[in-house]
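The values are calculated or read from the model by the stated rules, or taken from the named source; none is laboratory data. Owing to the predicted nature of the structure, the values given are computational and were not obtained by experimental measurement. Quick reminder, even Gly has a Cβ in these numbers, built from the backbone with ideal geometry, and neighbours come from all protein chains shown. These accessible areas exclude ligands, DNA and RNA; they are computed on the full protein's heavy atoms, side chains included. Shrake-Rupley method; radii C 1.70, N 1.55, O 1.52, S 1.80 Å.
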Amino acid sequence: MDESTAPFVEDVLAYHPIDAPVELKAAVAVVVRNSLLEEAHAHGPVNSGGIQALTTAAAAPLSHLLATPGRDTDPSREPNPFSGLRAAYPRAWSALSALSTALESAGRVGYNAPDAALPPLPGTDESVPVQPSAYVKDAVVQSGIDPVLNEHLVGMLRLARSEQVPFYTPSLSRLSRDSLTLHYVVEFLLSHKVPIATTNCLIRPSDVWVRTGVLVPTDTQNVRAGLDDLNGLTGSHRKTVEMIRRTYPG
């Protein structure tokens with residue numbers, strides 16, 4: 001597991017095949033789920049059932065590909081979507097690297113966040129207008145691989161920056177499935193000392209926490225479900241989630 005797959009582990013806990021290693025299922029998310037398939041899902045005709053069928057079918061061949069000795073990994077042959085992320089978003093890169101370690105060990109992992117310039121926040125005229133979801137409360141409809149932030153997310157980032165309150169999202173994939181955009185959002189929040197809480201994780205400017213024991217799958221129909229289960233949350237992780245629950249009661 002690495003910085004590219006760690007943000008999607010929570011997203012794939014319920015992926016099929018159920019008994020497949022979580023590292024493989026996270027790779028399926030990055031390679032298959034986060035591809036142009038997302039456009040077909042966001043705008044039709046691929047529904048959730050189709051997504052599950054396609055990601056399930058992709059697990060075995062992708063497993064064989066990843067296990068192939070000497071496979072060509074020369075980044076100069078094809079555009080690399082992850083090249084430049086470490087230099088462009090050093091705080092996010094360091095945090096997600098720590099997250100990949102914490103997901104394997106659970107508990108707390110510390111890291112040193114490098115000094116870097118503060119990323120700017122897009123203006124409302126630079127964001128994409130979106131409509132609220134007709135099926136999920138407090139959610140909006142946008143393609144997950146759209147590289148432009150939506151107006152709802154920009155407003156949430158502005159609020160978190162001004163009020164210095166923890167930022168909650170069920171999983172990092174809900175921020176974006178586009179790696180560049182995802183790293184930008186994490187970088188922005190950490191640069192302003194705003195903790196990021198998900199269903200199982202807490203990312204802060206100097207450490208990362210992961211729920212001990214069994215991880216809780218994200219609930220696609222209830223974005224606040226991750227706040228209700230405190231099992232396996234310890235120390236600052238538990239205190240932060242309890243504060244979010246008090247500040248934003250359901």
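As a summary of the residue check, Thr220 satisfies the conditions (1) buried (at least 17 other Cβ atoms within 10 Å of the Cβ); (2) under 10 Å from Pro170 (Cα atoms); (3) of a type outside the set (D, E, K, R) except for the one numbered (1). Leu121 fulfils the conditions (1) outside any helix (DSSP H, G or I); (2) open to solvent by 70 Å² or more (accessible area, probe 1.4 Å) except for a single criterion, (2).
When the range 98-113 is limited to residues that are in contact with a helix residue (DSSP H, G or I) (Cβ under 8 Å, 6 or more places away or on another chain), modelled with pLDDT of 90 or more and not charged (D, E, K, R), the one that is surrounded by the most Cβ atoms within 10 Å (Cβ to Cβ) turns out to be Leu99. Report yes if some residue within the range 27-47 is at pLDDT 85 or above, of a type outside the set (S, T, N, Q), out of contact with any Phe, Trp or Tyr (no Cβ under 6 Å at 6 or more places or on another chain) and over 27 Å from Gly213 (Cβ atoms); otherwise report no. The answer is yes, given that some residue of the range 27-47 is at pLDDT 85 or above, of a type outside the set (S, T, N, Q), out of contact with any Phe, Trp or Tyr (no Cβ under 6 Å at 6 or more places or on another chain) and over 27 Å from Gly213 (Cβ atoms).
For the range 141-156, a residue qualifies if it is out of contact with any strand residue (DSSP E or B) (no Cβ under 6 Å at 6 or more places or on another chain) and either over 19 Å from Ile203 (Cβ atoms) or surrounded by 20 or more Cβ atoms within 10 Å (Cβ to Cβ) (or both), and the qualifying residues are Ser143, Gly144, Ile145, Asp146, Pro147, Leu149, Glu151, Leu153, Val154, Gly155. If you filter the range 158-193 down to residues that are assigned to a loop (DSSP other than H, G, I, E, B) and among the β-branched types (Val, Ile, Thr), you find that the one that is most open to solvent (accessible area, probe 1.4 Å) is Val165. Residue count for the range 225-250 under the criterion of being closer than 14 Å to Cys201 by Cα and either among the aromatic types (Phe, Trp, Tyr) or assigned to a loop (DSSP other than H, G, I, E, B) (or both): the result is 7. Among the numbered conditions (1) without any contact (Cβ under 8 Å) to a residue 60 or more places away in the chain; (2) exposed (fewer than 15 other Cβ atoms within 10 Å of the Cβ); (3) of a type in the set (Gly, Ala, Ser), the only one that Gly213 does not meet is (1).
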